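Notes follow once the structure below has been shown.
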Number of protein chains: 2
Amino acid sequence: VRIVCAQLWPRIGELEANRERAAAAVALAAVDGADLVVLPELCVSGYVFEDAGEARRLAEPIDGPTIEGWREQSVRDRIVIIGGVCELDDDGRVRNSAVVIEGGEVLAVYRKAHLWDREKLVFEPGDEPPPVVETSLAKVGVGICYDSQFPEAMRMLALAGAEVIAVPTNNPLLSPELEPLPGELLMASTTAIVNRVYVAQADRTGLERGVEWVGATAIAAPGGQLLTERVRGEGSVRADVDPALAREKRLSERNDALADRRPELYGAIAASPLRTPG
Amino acid sequence: VRIVCAQLWPRIGELEANRERAAAAVALAAVDGADLVVLPELCVSGYVFEDAGEARRLAEPIDGPTIEGWREQSVRDRIVIIGGVCELDDDGRVRNSAVVIEGGEVLAVYRKAHLWDREKLVFEPGDEPPPVVETSLAKVGVGICYDSQFPEAMRMLALAGAEVIAVPTNNPLLSPELEPLPGELLMASTTAIVNRVYVAQADRTGLERGVEWVGATAIAAPGGQLLTERVRGEGSVRADVDPALAREKRLSERNDALADRRPELYGAIAASPLRTPG
């Protein structure tokens, strides 16, 4: 299974141009033989909204032109498309969503459950856990950006059988990058190691209203190896993955990354919405 | 608070020499101004036991000479000592344990809950979650080696208020190290980032019955920065840490690494001992 993660520079508010940009990235991935392509979070609207009103004006429903275009392209280019959209849901709420599309069908719509900073002013958070989607290629788990900093969320995807975790993301560059690897790649690699899954992360690039981005687009293997080099600016990364490797959770003759869990000891993780006062 | 993590080369079965080695490492840490020292897993017995019988012969009770020595030294050198021992418990079972000692007192005994490979033939696993111990310096969480590959366990320590997570470890070198960072340092750094805690990890070194070791001794800051350089062979790493930084969980004006959790979505993490069939 060949995966491409596209690192794009959407221009905020330029819906039509950004749709064409995403479509071109998908077409290029298909030419490169990709079976599955991951696009960044909010890759058609842009990210740094002035206010909730602007996000609402740039939002579109699941049957809107972006996803209509991806559905058609998934058939034409015979490719599974996972990408982030600014969604106007059926109840008129604005969501930071990711869709999984194959063969002209929307297999899943996931609404980001962990919102970052000003997203809380703009989006309604999702109330469903990140999903695992049965595509014809692999079982694909989906999280969006900050979701991936919650190891509970990543673990749930692995427990539900995800072989590849696709992460559309927009990582603002908030502080100097960690050396030798930025935090966003450390975390992706760790998610891959501890869950024995592939992680396919598509980040954005380009200055937007004063914000720069990490550009942490990468594909990590179940052992944690980064299979791809970093991209500066627009571009993409590619790797051939074997979902069977991600079904193998054995670590040694007597160890299994998931079966060795001691969930009877982890009660506090899921039990309480508040942490113990420190 | 100055932390030293000592990377030691215990010789299997040489209890007296290994006790002296550990005592010397603690004394050296104290000379260097350390307030807290972390010693490796099983640092007095060695690790690669022939069989359960050998481990049992090398085990000692909590009131045995190793911990008796550490208690005395904690007073003499005014230092908090965290280290790994092969424990014979009150019921005659052999445990892979870590102790936290301050002011001559054993503040906690933790029995490793996640056992690695042949440890399952040798040790009785612990049935209590990793603890958080109130020392006079900081709230110290404790995990042992493979425990730290379970993000649930590390998260529990953070939720219970740990400011420093101390990890006595023995990481066998099983495959070529990941570049640019071995998995054991990736995971330590990620634990620090996602939980906003310090991680103080003490690994072992030296060939033992054909087994080599990663030597992943390190101290990571709450932002994930590795504060220390790698040690080859015996040696130690040192960093000055500020527990108050680990109490600050804010990531942005509107984000908090722990309060942003959505535990109502994480039910599967703690609910079931078995994973969904893949």
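The values are calculated or read from the model by the stated rules, or taken from the named source; none is laboratory data. In this text the structure is predicted, and so the values were computed from the model without any measurement. Here the Cβ positions follow ideal geometry from the backbone for every residue, glycine too, while neighbour counts run over all protein chains shown. Please note that ligands, DNA and RNA were not included when accessible areas were found on the heavy atoms of the full protein model with its side chains. Shrake-Rupley method; radii C 1.70, N 1.55, O 1.52, S 1.80 Å.
What does the copy distance list look like for residue A:52, label position 7 Å along Cα→Cβ, in nm and ordered from shortest?
Result for residue A:52, in nm, nearest copy first: 6.2.
Output, in nm with one decimal and in ascending order, the distances from the residue B:242 label point to the matching label points of the other copies (7 Å from Cα along Cα-to-Cβ).
Going from nearest to farthest copy, the values are 4.9 nm.
Quote the FRET efficiency, to the nearest 0.05, computed for residue A:63 versus residue B:173 with a Förster distance R0 of 56 Å and r equal to the Cβ-Cβ distance.
On the way: r = 54 Å, r/R0 = 0.97.
Calculated value: 0.55.
Inter-copy label distances at residue B:256, 7 Å along the Cα→beta-carbon direction, one decimal in nm, shortest first?
Taking the point 7 Å beyond Cα along Cα→Cβ, the inter-copy spacings are 3.8 nm.
I'd like to know which of A:25, A:94, A:48 lies farthest towards the positive end of the charge dipole of region A:1-97, counting +1 on Cβ of Lys and Arg and -1 on Cβ of Asp and Glu.
Checking the options against the dipole of region A:1-97, the answer is A:25.
Could you check which residue among B:248, B:179, B:229 shows the biggest mean-square fluctuation in a GNM of chain B with a 10 Å Cα cutoff?
B:179
Can you list residues whose amide H is under 5 Å from residue B:215's amide H, if they're 5+ apart or on another chain and H is modeled 1.01 Å from N?
B:171, B:204
For region B:78-177, compute Rg over Rh where Rg is the Cα radius of gyration and Rh is the Kirkwood radius from the inverse mean 1/r over Cα pairs. The partial results should precede the final answer.
Details: Rg = 13.7 Å, Rh = 14.0 Å.
Over the Cα atoms of region B:78-177, Rg/Rh equals 0.97.
Can you say what percent of the DSSP beta bridges in chain B, counting only those with both residues inside, are antiparallel? Round to 5. Each step should come with its number before you reach the end.
Values: 31 of 47 bridges.
Counting DSSP beta bridges with both partners in chain B, the antiparallel share is about 65 percent.
In debye, nearest 20, what is the charge dipole magnitude of region A:94-240 about its Cα centre with +1 on Lys and Arg Cβ and -1 on Asp and Glu Cβ, if you could check? Mind showing how you got there, number by number?
Working: 13 positive and 20 negative charges, 13 e Å.
For this selection, approximately 60 debye.
Excluding same-chain residues fewer than 8 positions from residue A:112, which aspartates and glutamates have a Cα within less than 14 Å of its Cα?
The qualifying aspartates and glutamates are A:41, A:87, A:89, A:124, A:127, A:128, A:147, B:260.
Taking the Cβ of residue A:224 as the center, what net charge do the other residues with Cβ under 11 Å away carry, scoring Lys and Arg +1 and Asp and Glu -1? Can you show the working numbers first?
On the way: positive: A:196; negative: B:177, B:179, B:184.
After counting each charged neighbour, the total is -2.
Ignoring ligands, DNA and RNA, how do B:250, B:261, A:247, A:71 rank by accessible area with a 1.4 Å probe, largest first?
Values: B:250 155, B:261 15, A:247 125, A:71 80 Å².
Most to least solvent-accessible, the answer reads B:250, A:247, A:71, B:261.
So, in nm, how far is label residue A:256 from label residue A:211 when the simple model puts each one 7 Å beyond its Cα toward the Cβ?
Inter-label distance under the simple model: 4.2 nm.
Just the number, please: buried accessible area between B and A, total of both chains, 1.4 angstrom probe, nearest 100 square angstrom. Intermediate values should be presented prior to the final figure.
Numbers: alone 13150 and 13130 Å², together 20720 Å².
Heavy-atom accessible area buried at this interface is about 5600 Å².
Keeping all protein chains in place and using 1.4 angstrom, which order do B:228, B:217 fall into by accessible surface area, from largest down? Write out the running numbers ahead of the final one.
Details: B:228 25, B:217 0 Å².
The ordering from most to least exposed comes out as B:228, B:217.
Out of residues 5 or more away from residue A:7 or on other chains, whose amide H comes under 5 Å of its own, with H placed 1.01 Å from N in the peptide plane?
For residue A:7, whose amide H was placed from the backbone, the distant partners under 5 Å are A:235, A:236, A:237.
Would you look at the GNM of chain B, springs on alpha carbons closer than 10 Å, and say which of B:230, B:238, B:262 moves the most?
Between B:230, B:238, B:262, it is B:262 that shows the largest mean-square fluctuation.
When Lys and Arg each count +1 and Asp and Glu each count -1, what net charge do the other residues less than 15 Å away from residue B:235, Cβ to Cβ, add up to?
+1
Viscosity 0.890 mPa s, temperature 25 °C: Stokes-Einstein D of region B:146-238 from its Kirkwood Cα radius, in µm² per second? Can you show the working numbers first?
Numbers: Rh = 13.4 Å.
Approximately 183 µm²/s, per Stokes-Einstein.
Could you tell me what a quarter of the Cα convex hull surface of chain A works out to, in nm² with one decimal place? Can you show the working numbers first?
Working: hull surface 60.5 nm².
Orientation-averaged projected area of the Cα hull: 15.1 nm².
Under 17 Å between alpha carbons, and skipping anything fewer than 8 positions from residue A:139 in its own chain: which aspartates and glutamates qualify?
Partners found: A:35, A:102, A:105, A:163, A:240, A:242, A:248.
In region A:97-144, which residues give up 50 Å² or more of accessible area once the other protein chains are added, compared with their chain alone (1.4 Å probe)?
Relative to the lone chain, where solvent access is computed with a 1.4 Å probe, region A:97-144 loses at least 50 Å² at A:117, A:120.
Mind checking A:180-187 for the average number of partner chain beta-carbons within 10 Å of each residue's beta-carbon?
Working: counts 5, 7, 1, 8, 1, 3, 11, 6.
Across the residues of A:180-187, the mean count of other-chain Cβ atoms within 10 Å is 5.
What number comes out for accessible area per residue over region B:1-147 if the probe is 1.4 Å? Units Å², please.
Numbers: 5500 Å² over 147 residues.
It amounts to 37 Å² per residue over region B:1-147.
Along the Cα→Cβ direction, 7 angstrom out, place labels at residue A:17 and residue B:120. What is the inter-label distance in nm?
Modelled inter-label distance: 5.8 nm.
With only Lys, Arg, Asp and Glu charged, each at its Cβ (+1 for the first two, -1 for the last two), find how big the charge dipole of region B:61-106 is about the Cα centre; round to the nearest 20 debye. Don't jump to the answer; show the numbers that get you there.
Details: 5 positive and 10 negative charges, 39 e Å.
So the magnitude is around 180 debye.
With every protein chain kept in place and ligands, DNA and RNA left out, what is the accessible area per residue of region B:164-278? Probe 1.4 Å, answer in Å². Display every interim value, and only then the final one.
Working: 4650 Å² over 115 residues.
Computed with neighbouring chains in place, this is 40 Å² per residue.
Applying the Karplus parametrisation 6.51 cos²θ - 1.76 cosθ + 1.60 with θ = phi - 60° to the phi angles of region B:10-15, what ³J(HN,Hα) value in whole Hz is obtained for each residue in order, glycine and proline being reported as x?
Once θ is set to phi - 60°, the couplings for region B:10-15 become x, 9, 4, x, 8, 4 Hz.
Please give me the summed charge of the neighbours of residue A:1: other residues whose Cβ is under 12 Å from its Cβ, Lys and Arg +1, Asp and Glu -1. Intermediate results must be reported in sequence, preceding the final value.
Working: positive: A:2, A:139, A:238; negative: A:35, A:163, A:240, A:242.
Here the charged neighbours net out to -1.
How long is the gain from residue B:128 to residue B:50 if the chain were fully straight, where each residue apart is worth 0.36 nm and the alpha carbon distance is subtracted?
Net length gain for the segment: 25.3 nm.
Where nothing but the Cβ of Lys and Arg (+1) and of Asp and Glu (-1) is charged, how large is the charge dipole of the protein assembly as shown around its Cα centre, in debye to the nearest 20? Each step should come with its number before you reach the end.
Details: 60 positive and 88 negative charges, 26 e Å.
In total the dipole reaches around 120 debye.
Could you state the orientation-averaged shadow area of the convex hull built on the Cα atoms of the protein assembly as shown, in nm² to one decimal?
On the way: hull surface 93.3 nm².
Computing the convex hull of the Cα atoms and averaging its projections yields 23.3 nm².
Mind checking which of B:19, B:57, B:111 has the largest fluctuation in a GNM of chain B, springs on alpha carbons under 10 Å?
B:57
Per-residue ellipticity at 222 nm for chain A, helices alone: DSSP H runs ≥ 4 residues times -39500 (n - 2.57), over residue total, nearest 500 deg cm²/dmol?
On the way: 8 runs with 72 residues, N = 278.
Computed ellipticity for chain A at 222 nm equals -7500 deg cm²/dmol.
How much of the accessible area of chain A, in percent, comes from carbon and sulfur atoms when a 1.4 Å probe is used?
Working: 5070 of 10350 Å².
Answer for chain A is 49 percent, counting heavy atoms of protein chains only.
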